[in-house]
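What follows is a short report on a single structure.
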Number of protein chains: 2
Amino acid sequence: MSMEKIAVIGTGLVGRSWSIVFARAGREVALYDADAAAAGRARSAIAQSLSALRSAGLVADIDAIQARIRPAKSLAEALDGAVHAQEAVTERVEVKREVFRDMDSLAAPETVLASSSSTLPASAFASELAGKRRCLVAHPLNPPHLVPLVELVPAPWTDPEVVRRTKALMASVGQEPITMLKEVPGFIVNRLQVALLNEAFALVEDGCITPEDLDKSITHGLGLRWSVVGPFETIDLNAARGVKHYVEIFGAKFFELLKPRGAPRPWAEQVVQEIDQARRAVLPLAEIPSRQAWRDERLTELAALRAGSSKE
Amino acid sequence: MSMEKIAVIGTGLVGRSWSIVFARAGREVALYDADAAAAGRARSAIAQSLSALRSAGLVADIDAIQARIRPAKSLAEALDGAVHAQEAVTERVEVKREVFRDMDSLAAPETVLASSSSTLPASAFASELAGKRRCLVAHPLNPPHLVPLVELVPAPWTDPEVVRRTKALMASVGQEPITMLKEVPGFIVNRLQVALLNEAFALVEDGCITPEDLDKSITHGLGLRWSVVGPFETIDLNAARGVKHYVEIFGAKFFELLKPRGAPRPWAEQVVQEIDQARRAVLPLAEIPSRQAWRDERLTELAALRAGSSKE
C-alpha cells in the first residue's frame, strides 16, 4: 500500500470521514483544523467510527489506521509533503476563498488542492490563485467512509492531469469517482436529488400520498433497485432491445406525466409544514442523532455486503 | 401460517414472481394462464427462482413452496375459494377489461380482484362491473419476490375495506404496501422515476456527464442512501432541526437549480441515441438477460441482508 501523505483540512463530520477513507487505505493523513480544540475532539469520533467498521468486518487493525491519522499544528505542517489536500471547512465562499489562498501559498506546486464543497464550484473561490490549475472540487456524499461516490468537478482552467490524478487517487482508496465535463450549479447528485424531491413535494401537496408512504416507495422500491442498477441501466434492462426500445415504448407516456407540472415552482410553505409534521410524528427532533446512527449502521452493512459480493 | 388461497392470473415474469411471494408465505396459490403451454413452462422458471432464494438462505423447503403452487385448468377453478385474485396479464386495456369482466362474473363476492397494472388505473378497466367496489390496482416493482414495494391504487369507487384487506394481505406475505389517496397517472413510483430520469437525460444532453458516470452517481451515492432512508427522511436527517430547517437553508437554492429547466420537453432523439450507444458499449444486446440475472442476484443479497438486519 502506498504511504503517500494526504492533508485533510477541517475536522467536522466530512473531514473526519475523509481521514478514515485515506488512512484505512494505508495513506498517512495529516489532519488540521484552525480550531485546535475541534482537532482534539476529532480523535475520539474517528475511533468510534473505526470501531463500527471493525464490527462489520470492514477493517481489521484499527489502531494502525488511527496511528496513520496525525493532527498537524499548522496548515503549513499539514501540507508539507502532501500529494493531495482535501479541504472540508464550512460551506461559505469567503471561508473557502481564504483557505484556498493559504493552501495555494503554502503547498508545494505539485500538491493537488481539492474542495469538498457541495454547492460552490472551484471557479467561485480559486480563480484568482496563481496555482488555480491544481484546484478542483471533489464532493463526497455523507459520510464518505460509508458512501463511496465522489463528484469531481474541475473548473474550466483546472489542469486535466490534476483531474486524472485525483480520479486515480480516489479509486485507489476505494471511492467511486465520477467526473463532470463542465461546472454546473448543484453538480450531478444534488440536481438529481432535487428533481425527484420536487415531484415528491408535488405528490404530497396534491394529496396523492402520505410523506411516510412516499419514503417507503423509494426505500422498498425504486431506491432499492437503484442501489444495484442506475437509472439508465434500470430502463435498459427493462426492454428487450435496451434503452432506445424502452423510450420508444414509454417515452411519450412519460412525457405526459411530466407535462402537466409545467415550469418549476418554489415549494409551498404548507406542504413543507405537512411533511415536517409527518416526520416529527415518527421521529421527534431529539431522536435525529440516534436515527442518523441507525442510518449509518445500515450503510455500514451495505458496505460490508458490497465488499464481499462480486462487484461488477 | 394461513392457508388462504390466492389466485394468480397470468404466468409471465410478474405472475410467476407473485406466486413465489404468496407461496413462500404459506399461501395456497392457484396459477392460471389462458395459454396452457405458458402455464406449463412456469413451473421450471419458478423452480429456478426458488433455488436462488434457497442459496441465499431466504427460504428453506422449496419443494413445499413449489407444492403450494398449483396450475388451474380454468379461470373458474383458479378463483374457486380464493380470498384474493392477483391479475398479471398483458398491459393492454382491452385485455385487462376482459379479464376483469370474467373474474367479476366467476369469483365469489368476497374475493378481492387486484391488478398488477403499472400504468392503467382500475377506473380504466373495471368501472362497468357489478363488483367494481372489490377492484383495485396492486402494482409491484419487478420482480415482486425480490423488491417488496406494492403500490395500492384504489379507484374512487373501491370499497375502503377492500383496500384495508389488500394492505393487510400484502404486509402478511412480507411485501411493503403503500396506499395512494387518489388515482393519478403513473402512480407514485413511475412519477418519481420519470422526474429523476428527466433531469438525467438533460444532464447528458447538456454535456455535463457521461451516461455511465450518471448511473454511478446513483448506484454508489444517492440510490445507495435512498435504499436506507427515503427522500424526505434523507433531508430530515441532514439538518439539525429536521426537514423544515433543511428547506429554510436549501429551498431557495434548490429552486434556482430547477428554474432554468422551464417546462418539461420530450426527450430528444439525439440524447436517447447517445445513452443507448453508451449502454451498448458496456453491454451488448445479447448480454441483457445475463445482466438481468446479475441484477437479481444483487437484489437477492439485499433481501437476505434486510431479512437478517434489525428492520425499523
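Does residue B:78 qualify as being small (Gly, Ala, Ser), assigned by TED's automatic domain parsing to the domain that holds residue B:10 and over 30 Å from residue A:253 (Cα atoms)? Before you say what the answer is, go through the steps one by one.
On the way: small (Gly, Ala, Ser): yes; assigned by TED's automatic domain parsing to the domain that holds residue B:10: yes; over 30 Å from residue A:253 (Cα atoms): yes.
Taking the combined requirement at face value, the residue satisfies it.
On the given criteria, is residue A:271 touching a residue at least 12 places away in the same chain (Cβ under 8 Å) and of a type in the set (A, V, I, L, M)? So that I can check it myself, show each step before the final result.
Numbers: touching a residue at least 12 places away in the same chain (Cβ under 8 Å): yes; of a type in the set (A, V, I, L, M): yes.
Taking the combined requirement at face value, the residue satisfies it.
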| Qualifying residue in region A:141-162 (condition: of a type in the set (D, E, K, R) and within 30 Å of residue A:262 (Cβ to Cβ)) | yes
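In the list A:286, A:252, A:303, A:307, which residue meets the criterion of being surrounded by 16 or more Cβ atoms within 10 Å (Cβ to Cβ), more than 7 Å from chain B (Cβ to nearest Cβ) and among the aliphatic types (A, V, I, L, M)? Outline the logic, then answer.
On the way: A:286 fails: surrounded by 16 or more Cβ atoms within 10 Å (Cβ to Cβ); A:252 fails: surrounded by 16 or more Cβ atoms within 10 Å (Cβ to Cβ); A:307 fails: surrounded by 16 or more Cβ atoms within 10 Å (Cβ to Cβ).
Answer to the check: A:303.
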| field | Contacts under 7 angstrom Cβ, first residue in region B:109-131 being touching a residue at least 12 places away in the same chain (Cβ under 8 Å), partner of a type in the set (S, T, N, Q), 6 or more apart | value | B:112/B:166; B:114/B:86; B:114/B:166; B:116/B:86; B:118/B:190; B:122/B:115; B:122/B:158
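Would you tally the residues in region A:126-153 being open to solvent by 20 Å² or more (accessible area, probe 1.4 Å) and modelled with pLDDT of 95 or more?
So the answer is 9.
Which of the residues belonging to region A:257-272 are more than 7 Å from every other protein chain (Cβ to nearest Cβ) and surrounded by fewer than 15 Cβ atoms within 10 Å (Cβ to Cβ)? Even if it seems obvious, please write down each step before you answer.
Start the filter on region A:257-272 by keeping residues that are more than 7 Å from every other protein chain (Cβ to nearest Cβ), which leaves A:260, A:265, A:268-271.
Matches in region A:257-272: A:260, A:265, A:268, A:269, A:270.
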| task | Show the residue pairs that are 6+ apart or on different chains and have beta-carbon atoms under 8 Å apart, the first residue being within region B:62-74 and in contact (Cβ under 8 Å) with a residue 40 or more places away in the chain, the second being among the acidic types (Asp, Glu). | result | B:68/B:28; B:70/B:28
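Confirm whether residue B:6 is part of a helix (DSSP H, G or I) and open to solvent by less than 40 Å² (accessible area, probe 1.4 Å). Show your work before the answer.
On the way: part of a helix (DSSP H, G or I): no; open to solvent by less than 40 Å² (accessible area, probe 1.4 Å): yes.
When the stated conditions are applied, residue B:6 does not pass them.
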| message | One residue is enough: does region B:168-177 have a residue meeting the conditions within 28 Å of residue A:236 (Cα to Cα), modelled with pLDDT of 95 or more and of a type in the set (A, V, I, L, M)? | response | no
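State yes or no: is residue B:234 in a helix (DSSP H, G or I), among the β-branched types (Val, Ile, Thr) and either more than 7 Å from chain A (Cβ to nearest Cβ) or surrounded by fewer than 18 Cβ atoms within 10 Å (Cβ to Cβ) (or both)? Give the derivation first.
Details: in a helix (DSSP H, G or I): yes; among the β-branched types (Val, Ile, Thr): yes; either more than 7 Å from chain A (Cβ to nearest Cβ) or surrounded by fewer than 18 Cβ atoms within 10 Å (Cβ to Cβ) (or both): yes.
Here the answer is yes, as residue B:234 does meet what is asked.
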| query | Which ones in region A:193-222 are of a type in the set (Asp, Glu), facing chain B (nearest Cβ under 7 Å) and either over 14 Å from residue A:279 (Cβ atoms) or open to solvent by less than 10 Å² (accessible area, probe 1.4 Å) (or both)? | reply | A:199
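Every residue, every condition in (1) within 21 Å of residue B:5 (Cα to Cα); (2) part of a helix (DSSP H, G or I); (3) open to solvent by 60 Å² or more (accessible area, probe 1.4 Å), yes or no:
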{"residue": "B:39", "(1), (2), (3)": "yes, yes, no"}
{"residue": "B:42", "(1), (2), (3)": "yes, yes, no"}
{"residue": "B:48", "(1), (2), (3)": "no, yes, yes"}
{"residue": "B:54", "(1), (2), (3)": "no, yes, yes"}
{"residue": "B:58", "(1), (2), (3)": "no, no, no"}
{"residue": "B:63", "(1), (2), (3)": "yes, yes, yes"}
{"residue": "B:73", "(1), (2), (3)": "yes, no, yes"}
{"residue": "B:78", "(1), (2), (3)": "yes, yes, no"}
| Candidate set: region A:154-192, residues that are β-branched (Val, Ile, Thr) and part of a loop (DSSP other than H, G, I, E, B); chosen: the one surrounded by the fewest Cβ atoms within 10 Å (Cβ to Cβ) | A:184
| message | Looking at region B:264-312 only, could you name the residues that are outside any helix (DSSP H, G or I), over 20 Å from residue B:213 (Cβ atoms) and modelled with pLDDT of 95 or more? | response | B:284
| said: Anything in region A:82-124 that is open to solvent by less than 10 Å² (accessible area, probe 1.4 Å) and of a type outside the set (A, V, I, L, M)? List them, or say none. | reply: A:84, A:86, A:87, A:96, A:100, A:111, A:115, A:117
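Take residue A:242 and decide whether it is facing chain B (nearest Cβ under 7 Å), open to solvent by less than 10 Å² (accessible area, probe 1.4 Å), farther than 27 Å from residue A:18 by Cα and out of contact with any Cys (no Cβ under 8 Å at 6 or more places or on another chain).
Numbers: facing chain B (nearest Cβ under 7 Å): yes; open to solvent by less than 10 Å² (accessible area, probe 1.4 Å): yes; farther than 27 Å from residue A:18 by Cα: yes; out of contact with any Cys (no Cβ under 8 Å at 6 or more places or on another chain): yes.
Spelling it out, residue A:242 is indeed facing chain B (nearest Cβ under 7 Å), open to solvent by less than 10 Å² (accessible area, probe 1.4 Å), farther than 27 Å from residue A:18 by Cα and out of contact with any Cys (no Cβ under 8 Å at 6 or more places or on another chain).
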| Is there any pair with a first residue in region B:7-28 that is over 18 Å from residue B:76 (Cα atoms) and of a type outside the set (S, T, N, Q) and a second that is at pLDDT below 95 and crowded, with 24+ Cβ neighbours inside 10 Å whose Cβ atoms are under 8 Å apart and which are 6 or more apart or on different chains, and what are they? | none
| Any residue at all in region B:29-46 that is among the hydroxyl-bearing types (Ser, Thr, Tyr) and more than 21 Å from the chain's Cα centre (by Cα)? | yes
| request: Any residue in region B:89-101 that's assigned by TED's automatic domain parsing to the domain that holds residue B:31 and more than 21 Å from residue B:42 (Cβ to Cβ): show its pairings with residues that are open to solvent by 100 Å² or more (accessible area, probe 1.4 Å) and assigned to a loop (DSSP other than H, G, I, E, B) at Cβ separation under 9 Å, as long as the two are six or more apart or on different chains. | output: B:97/B:128; B:101/B:128
| Exclusive hit being more than 7 Å from chain A (Cβ to nearest Cβ) and touching a residue at least 24 places away in the same chain (Cβ under 8 Å), set B:176, B:183, B:161 | B:183
| note | With the first residue restricted to region A:248-265 and required to be touching a residue at least 40 places away in the same chain (Cβ under 8 Å), and the second required to be hydrophobic (A, V, I, L, M, F, W, C) and surrounded by fewer than 12 Cβ atoms within 10 Å (Cβ to Cβ), Cβ contacts under 9 Å at 6 or more apart or on different chains are A:261/B:263; A:264/B:263
| Which numbered condition residue A:123 misses (of (1) at pLDDT 95 or above; (2) within 14 Å of chain B (Cβ to nearest Cβ)) | (2)
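The values are calculated or read from the model by the stated rules, or taken from the named source; none is laboratory data. In this text the structure is predicted, and so the values were computed from the model without any measurement. Backbone-built Cβ (ideal geometry, glycine too); neighbour counts: all protein chains shown. Protein only, heavy atoms only, side chains kept; ligands, DNA and RNA dropped before computing areas. Shrake-Rupley method; radii C 1.70, N 1.55, O 1.52, S 1.80 Å.
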